[in-house]
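Engineer: Please see the structure below; I have some questions.
Coordinate-derived values only; no laboratory data. Source: prediction; values computed, not measured. Neighbour counts run over all protein chains shown; Cβ positions are idealised from the backbone, glycine included.
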Amino acid sequence: MIRQQRIIICAALLAALLSSCFTGIESTPRISAGDVRKRDAADRTPEQLFLADIMPEKPSAWREGKRFYVADDKISIIFLPGDSESDSLSGHDLIFKRFDEVPSVTGNGATILTFSASDRRGEFQYRINTPVADLLKRDRLEVPFTIERSVVERVDSAMRLHTFYITTPKWFDAADNKAAVGRRHIPVTVSRVEPGTYIYPLRVYFSTAAADKEYWIPMTIGNDRAATRNFHALFNFNDPRKRYPQITDATWELIISSRVAAGMTRDECRLALGAPNSYRTIPVYNAIVEQWNYDDGLYLIFEDGILTRYRI
């Protein structure tokens with residue numbers, strides 16, 4: 001009898017445990033892919049979200065007449081033998097004509113992309129060892145050494161005539177393309193966006209209120225590893241000065257000129273020079289010492305968070 005009572009009690013406890021487990025699982029809200037995207041978007045700044053929806057067209061959307069800017073004469077290596085002269089296509093457009101499926105060695109089929117050039121007669125053919133049907137399912141199809149004109153045009157439409165606060169002093173003079181030392185955190189007005197290089201596909205041209213000249217900087221777009229100079233790394237929507245009311249006007253003048261001086265804080269130096277490539281903590285008696293290292297032997301030394309020594 002006692003044994004039977006023990007069995008009944010154990011069974012009741014097990015049922016209660018299982019019930020509570022199932023109830024816990026059933027009451028846990030499910031997280032969808034859409035929820036994850038919303039959470040990721042909420043964590044991104046407005047600068048990171050700007051231009052985020054601009055991307056190359058899917059192959060299934062390509063139509064005859066679609067244009068690709070040739071950014072490098074190395075493009076000649078991708079074309080089939082016997083094509084028109086392609087050694088000097090850089091700076092011109094390739095114009096998409098059609099996809100053609102052809103036999104392949106494996107028997108699965110391959111695709112020939114046929115283009116014409118904006119500056120000459122003849123055709124240029126680029127072979128991809130994938131059947132047309134599979135190619136059209138891709139989210140992206142890259143034509144090496146080119147930049148999609150549609151991407152450039154959409155970025156130009158989004159940025160042209162708008163004013164942003166630039167965060168990099170590494171500018172180029174539009175008159176001669178020579179490197180120029182600019183200023184950080186000042187307002188600039190974008191005049192236009194044009195194709196750049198294969199590595200940095202966009203050139204953003206702009207002017208400042210202080211100089212009667214035009215400059216440009218290279219910019220990337222997208223989410224791949226090569227997109228190291230996207231909009232958010234180069235521009236702000238709002239005046240950064242307003243976020244740091246405690247910084248004196250004299251120190252702010254140093255910051256926008258990419259200069260530092262003894263007595264500046266770590267935040268002020270980061271605004272002036274950007275984040276260091278590396279840093280280390282140096283153990284010393286009765287103080288916390290940090291060394292920030294930049295390119296070309298540049299370094300800053302802070303004691304208890306204040307800049308005391310540096311080499312610029």
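Engineer: Sorting Lys178, Lys170 on the 10 Å Cβ count, fewest up front, what's the list? Intermediate values should be presented prior to the final figure.
Structural biologist: Details: Lys178 9, Lys170 13.
Lowest to highest Cβ neighbour count: Lys178, Lys170.
Engineer: Report the calculated FRET efficiency for Leu298 and Thr189 (r = Cβ-Cβ distance, R0 = 30 Å), to the nearest 0.05.
Structural biologist: Values: r = 31 Å, r/R0 = 1.03.
That gives a FRET efficiency of 0.45.
Engineer: Same structure again: With a ≥ b ≥ c the root eigenvalues of the C-alpha gyration tensor of the range 103-161, is it rounded (a/c under 1.5), prolate (a/b larger than b/c) or oblate? Walk me through the numbers on the way to the answer.
Structural biologist: On the way: a/c = 4.09, a/b = 1.71, b/c = 2.39.
Since a/c reaches 1.5 but b/c is at least a/b, the shape of the range 103-161 is classed as oblate.
Engineer: Residues with amide H under 5 Å of Ser90's amide H, sequence separation 5 or more or different chain, H placed in the peptide plane at 1.01 Å from N; which?
Structural biologist: Asp73
Engineer: Go through the range 157-165 residue by residue and turn each phi into a ³J(HN,Hα) via Karplus (6.51, -1.76, 1.60, θ = phi - 60°); whole Hz please, and just put x for glycine and proline.
Structural biologist: Residue by residue, the range 157-165 yields 5, 7, 10, 4, 6, 9, 9, 10, 9 Hz.
Engineer: Right, here's the next one. Per residue, what volume in Å³ does the convex hull of the Cα atoms of the range 59-142 enclose?
Structural biologist: Values: hull volume 7.9 nm³, N = 84.
Convex hull of Cα atoms, per residue: 94 Å³.
Engineer: Also: Long-range amide H contacts for Leu202: which residues qualify at under 5 Å (H placed 1.01 Å from N, peptide plane, sequence gap of 5 or more or a different chain)?
Structural biologist: HN-HN under 5 Å from Leu202: Gly196, Thr197, Met219.
Engineer: Given the Cα-Cα distance of Ala262 and Asn129 and 0.36 nm per residue of separation, how much length would full extension add, in nm?
Structural biologist: Values: separation 133, 0.36 × 133 = 47.88 nm, distance 6.10 nm.
Gain on stretching Ala262 to Asn129: 41.8 nm.
Engineer: Grab the beta carbon distance between Ser60 and Arg225, set R0 = 25 Å, and tell me the FRET efficiency rounded to 0.05.
Structural biologist: Computed FRET efficiency for Ser60 and Arg225 comes out at 0.50.
Engineer: Let me ask you something else. Per-residue HN-Hα couplings for the range 146-154, Karplus 6.51 cos²θ - 1.76 cosθ + 1.60 at θ = phi - 60°, whole Hz, x for Gly and Pro?
Structural biologist: Calculated HN-Hα couplings, in order: 10, 10, 5, 4, 4, 5, 4, 5, 6 Hz.
Engineer: Oh, and also: Taking 25 Å as R0, compute the FRET efficiency from the Cβ-Cβ separation of Lys242 and Val289 and round it to 0.05.
Structural biologist: Working: r = 32 Å, r/R0 = 1.28.
Computed FRET efficiency for Lys242 and Val289: 0.20.
Engineer: Sequence gap at least 6, Cα distance under 8 Å: using those rules, report the relative contact order of the range 152-236 to the nearest whole percent. Spell out each step's value before the answer.
Structural biologist: Details: 179 pairs, mean separation 23.5, N = 85.
The value is 28 percent.
Engineer: How would you rank Phe302, Phe68, going from fewest to most other Cβ atoms within 10 Å of each one's own Cβ? Kindly include the intermediate steps, with their values, before the conclusion.
Structural biologist: On the way: Phe302 23, Phe68 20.
Starting with the residue having the fewest Cβ neighbours, the order is Phe68, Phe302.
Engineer: What is the magnitude of the charge dipole of the range 152-236 about its Cα centre, with +1 placed on the Cβ of each Lys and Arg, -1 on the Cβ of each Asp and Glu, and no other charges, expressed in debye to the nearest 20?
Structural biologist: Values: 11 positive and 8 negative charges, 52 e Å.
Its charge dipole is roughly 260 debye.
Engineer: So for the range 244-311, averaging the separation of alpha carbon pairs under 8 Å that are six or more residues apart and normalising by length, what relative contact order in percent results? Don't skip to the end; give the middle numbers.
Structural biologist: Numbers: 102 pairs, mean separation 17.1, N = 68.
Over the range 244-311, the number comes to 25 percent.
Engineer: Would you pull out the residues with amide H under 5 Å of Glu123's amide H, same chain only if 5 or more places away, H placed 1.01 Å from N?
Structural biologist: Close amide H contacts, sequence-distant or interchain: Ser84.
Engineer: Hey, another quick one. Which of the trypsin sites (Lys or Arg not before Pro) found in the range 187-234 are loop residues per DSSP with 16 or fewer other Cβ atoms within 10 Å of their Cβ? Display every interim value, and only then the final one.
Structural biologist: Details: sites: Arg192, Arg203, Lys213, Arg225, Arg229; in loops: Lys213, Arg225, Arg229.
Within the range 187-234, the qualifying trypsin sites (Lys or Arg not before Pro) (loop, at most 16 other Cβ atoms within 10 Å) are Lys213, Arg225.
Engineer: Just rank Ser258, Ser207, Ser88, fewest to most, by other beta-carbon atoms within 10 angstrom.
Structural biologist: Working: Ser258 18, Ser207 15, Ser88 12.
With the sparsest Cβ surroundings first, the list reads Ser88, Ser207, Ser258.
Engineer: While we're looking at this one, here's another question. Would you kindly derive the ³J(HN,Hα) couplings of the range 123-134 from the backbone phi angles with the Karplus curve 6.51 cos²θ - 1.76 cosθ + 1.60 (θ = phi - 60°), listing them in order in whole Hz, with x for Gly and Pro?
Structural biologist: 10, 10, 10, 10, 9, 10, 7, 9, x, 4, 4, 6
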